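Report on one structure; see the data block that follows.
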Amino acid sequence: MVGIAEPEVIADLAETTFATKFTVTGGSGTLLNYTINTIDGNVPNQNGNTLFLWQASTLNVPPGKPIASTSVNLDSPTGSGVWQVETPSKKHLLGFAVGTDVKNICALVLIDENKKQIGQFHPSCILKDKSADYVEFDYMVPKGKHPMSDGDWYGLWKGDSVDDLYDKEKAYVAMGKPSKDESSGTAVLTYKFPSKQKFTIGYFKGGYGQPPQRTTLASALTFTSP
């Protein structure tokens, strides 16, 4: 049974990280079995979570159109599913998107001709530095994705409940967007932090705008202010 995503705790910066994870567990014929382990608060079948398929040999999202796609018909942030799809006879790449567009892809799995998983990528959001006036963090999305052009964004919330990031009634206190199209980078959010309080940063794979889309959360971290 797949459970709620287990956060990773990094003691030196009082940080807990969360990430969208996608795994292929096998299959036969035209059936492909998979599991997802997304962030608490996500509702895949309401938020347009989608799987995409390419023939590819690396963990790098190709620029061309995928050969197949399907909606993720699950109503909880974690679970398993079966995709009926004709897969290429060679290695192929599956992308998990937190929306309906390839721009929303945040996790990858590479499988061989026997539907055995041989590679995996999930996004990350890791605290780098913090002070009374700012917080700095590193982010990573799949190679082949373009954070600035794809409309990625990130925000800062009071408290440590990651499911609040999906709630439009829970306002962020700061937000920003990537300034480049490289798949990894560093971002800074400025805010006058009260001492020893919990905060959460969320990285969203697409949806930047006014207001920004809140259903495309790909990774997150919580921390305590200095």
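The values are calculated or read from the model by the stated rules, or taken from the named source; none is laboratory data. It should be emphasised that the depicted structure is a prediction, and the values quoted were computed from it without experimental measurement. Neighbour counts are summed over all protein chains in view; Cβ atoms, including those assigned to glycine, are modelled from backbone coordinates with ideal geometry. Protein only, heavy atoms only, side chains kept; ligands, DNA and RNA dropped before computing areas. Shrake-Rupley method; radii C 1.70, N 1.55, O 1.52, S 1.80 Å.
The table for this structure:
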{"quantity": "Entries in 128/180; 21/170; 168/198 that, when Cα-Cα distance is taken, lie over 21 Å", "calculated": "21/170"}
{"quantity": "Proportion of all alpha-carbon pairs of the range 55-213 beyond 25 Å (%)", "calculated": "38 percent"}
{"quantity": "Shape of the range 164-226, Cα gyration tensor, a/c cut at 1.5", "calculated": "oblate"}
{"quantity": "With every protein chain in place, the chain: carbon and sulfur % of accessible area (1.4 Å)", "calculated": "47 percent"}
{"quantity": "From phi via Karplus (6.51, -1.76, 1.60), per-residue ³J(HN,Hα) for the range 27-39 in Hz, x at Gly/Pro", "calculated": "x, 8, x, 9, 9, 10, 9, 8, 10, 10, 9, 9, 7"}
{"quantity": "Proximal lysines relative to residue 65, as straight alpha-carbon distance under 22 Å, when same-chain residues fewer than 8 apart are discounted", "calculated": "90, 91, 103, 115, 143, 145, 205"}
{"quantity": "Dipole in debye (nearest 20) - the chain, about Cα centre, beta carbon charges: Lys, Arg +1; Asp, Glu -1", "calculated": "340 debye"}
{"quantity": "Length-normalised contact order for the chain - Cα pairs under 8 Å, 6+ apart - percent", "calculated": "21 percent"}
{"quantity": "Pair residue 167, residue 181: separation of 7 Å Cα→Cβ label points (nm)", "calculated": "3.8 nm"}
{"quantity": "The range 148-192, dipole about Cα centre (Lys/Arg Cβ +1, Asp/Glu Cβ -1), debye to the nearest 20", "calculated": "280 debye"}
{"quantity": "Residues of the range 78-112 with amide N under 18 Å of a point placed 7 Å along Cα→Cβ from residue 120", "calculated": "78-83, 92-98, 106-112"}
